[in-house]
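Written below as structure tokens is the structure these notes are about.
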Amino acid sequence: MVKVRVGESHGSVIKSNCVTARWSGEQLAMNDQSVGDEPDSAGCCGEPAWVRYADDCVILCQSREEAESALASVRVWMAEHELSLHPDKTHIGDCREPGQGFEFLGYRFEAGRRTVRRKSLNQVRDAIRLRTRRTSGEAIERTIQKLNPVLKGWFGYFKHAHKYTFNTLDAFVRRRLRAILLKQNKKRGCANSQSGSFRGKNAYFAERGLFSLHEAYVTASQSR
């Protein structure tokens, strides 16, 4: 894997471009869009496939030697356009191996798995926290109405992530909702547990229309 980030040209800030090359042989299903006179698979990088979406790119290689050659070609192209590579974002590695993966468009590809990168997970958790404050005083149905668009939109983008992601996030959402119920009813208890009041059980939230990421994943998997 080769990861490259464009720096500055003659002191002026330009739009950042990210290039990643790997040699796993596995193809990524992304949209390829060329902009200006950027290098393409037939020019700068030769045989490796150049995949780009907006300002993020991936170069797919079959071997380490091919990846090194791709990086060298990118360096030449950058120099010709008076651009520099980000020293911390440029590296080579085998994304099939643990610890050598890369992040691309919110996902992390590593050790044969496609997961959601930590930053993207933290962002959706923050969005959930914002809508599930225990002191809001809103009815649980209203809180769920505010949550669902966030969950549906997030799933629409990250539905190709590893399945365990969705169970974990569903559990996080339900913990937040149970904490609201406990606060409203002035009761003590553990928001991590379904024990106790029936109102804290998973079915209670499902009946009130809470969007389930796991169920959406199962449905989407069956239709593929």
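The values are calculated or read from the model by the stated rules, or taken from the named source; none is laboratory data. Remember, predicted model here, so these are calculated numbers, not experimental data. With ideal geometry, Cβ positions are generated from the backbone for all residues, glycine too; neighbour counts draw on all protein chains shown. Surface accessibility is based on the protein's heavy atoms, side chains included, excluding ligands, DNA and RNA. Shrake-Rupley method; radii C 1.70, N 1.55, O 1.52, S 1.80 Å.
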Between region 48-122 and region 141-177, what's the alpha-carbon centroid distance in Å?
29
Most to least packed among 125-133, 143-151 [average Cβ atoms within 10 Å]
143-151, 125-133
Amide H contacts under 5 Å for Cys57, placed H, 5+ residues apart
Cys18, Val19, Thr20
Quick one: pull the percent of accessible area on region 47-109 belonging to carbon and sulfur, 1.4 Å probe, ligands and nucleic acids left out.
47
Cross-link table Lys159/Lys183; Lys119/Lys201; Lys119/Lys183; Lys163/Lys183; Lys119/Lys152; Lys159/Lys186, entries beyond 26 Å C-alpha to C-alpha:
Lys159/Lys183; Lys119/Lys201; Lys119/Lys183; Lys163/Lys183; Lys159/Lys186
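Could you compute the FRET efficiency for Glu207 and Lys119, with r as their C-beta to C-beta distance and R0 at 30 Å, rounded to 0.05?
FRET efficiency, Glu207 to Lys119: 0.35.
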For region 117-129, take each phi angle, set θ = phi - 60°, evaluate the Karplus expression 6.51 cos²θ - 1.76 cosθ + 1.60, and give the result in whole Hz per residue in order, putting x for glycine and proline.
5, 4, 4, 5, 5, 5, 5, 6, 5, 5, 5, 5, 4
Potential extension, Glu97-Ala49 segment - 0.36 nm per residue separation minus Cα distance:
15.2 nm
Amide H contacts of Gly93 (H built 1.01 Å from N, under 5 Å, at least 5 apart or other chain)
Val2
Which ³J(HN,Hα) values, rounded to whole Hz and listed in residue order, are derived for region 63-79 from phi using the Karplus coefficients 6.51, -1.76 and 1.60 in 6.51 cos²θ - 1.76 cosθ + 1.60 with θ = phi - 60°, glycine and proline given as x?
8, 5, 4, 5, 5, 5, 5, 5, 5, 4, 5, 5, 4, 5, 4, 4, 4
I need the peptides 68-74, 95-101 ranked by packing, meaning the mean over residues of other C-beta atoms within 10 angstrom, with the highest value on top.
68-74, 95-101
Interchain or long-range residues, amide H under 5 Å from Phe104's placed H
Phe109
Work out, step by step, the length gained on full extension between Ser84 and Lys152: first 0.36 nm times the residue separation, then minus their alpha carbon distance; give nm to one decimal.
20.6 nm
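Mind checking the full-extension length gain between Gln145 and Glu65? Use 0.36 nm per residue of separation minus the Cα-Cα distance, one decimal, nm.
So the extension gain works out to 23.6 nm.
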